[in-house]
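Below is one structure; the comments refer to it alone.
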Amino acid sequence: MAMTDRDDMMIEKFFNQAAQQQIEDHGFTERVMQSLPERKLLTAHRMSQLWTLFCIVVALTLFYMFGGWHTLQGLFVGGLRMMLGWLEVLMVTAPTAEIPVPINPMALALLVAFVLIYLPYRIGHKLSAAL
């Protein structure tokens, strides 16, 4: 262990000395940085924004043309019906099943609400924060 600590100290000392060292270039780096064209970067950024806007407009147009809202509405209603069907089957069969721990229907409803509402919200929030 002592050898590793000594090695770490030597490596840290080496890199601290290297970080403090400056190479004299007679202002070359500053002249190069000032001569870089900022306009091309701004143009590229503007083109990126325009391309993103174009893709969004095309996606929304296709969404409207092909009835995307009705499709999403059908998926949501179908998923809701399926979930309610599963919940109904669970509520009907749970009292007749031999389960060692009693299931409280209210606790089950809260758990389902947590999974269906809160978790997607938190995941979406984390994804939007990452972007």
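Only one of the listed residues (Leu60, Leu72) is within 25 Å of the chain's Cα centre (by Cα), under 30 Å from Val112 (Cα atoms) and in a helix (DSSP H, G or I). That residue is Leu72.
Could you tell me whether segment 112-126 includes any residue that is within 30 Å of Val58 (Cβ to Cβ), modelled with pLDDT under 80 and aromatic (Phe, Trp, Tyr)? There is at least one residue in segment 112-126 that is within 30 Å of Val58 (Cβ to Cβ), modelled with pLDDT under 80 and aromatic (Phe, Trp, Tyr).
The values are calculated or read from the model by the stated rules, or taken from the named source; none is laboratory data. Model, not experiment: these values are computed from the prediction. Here Cβ is always computed from backbone atoms with ideal geometry, including for glycine, and neighbour counts include all displayed protein chains.
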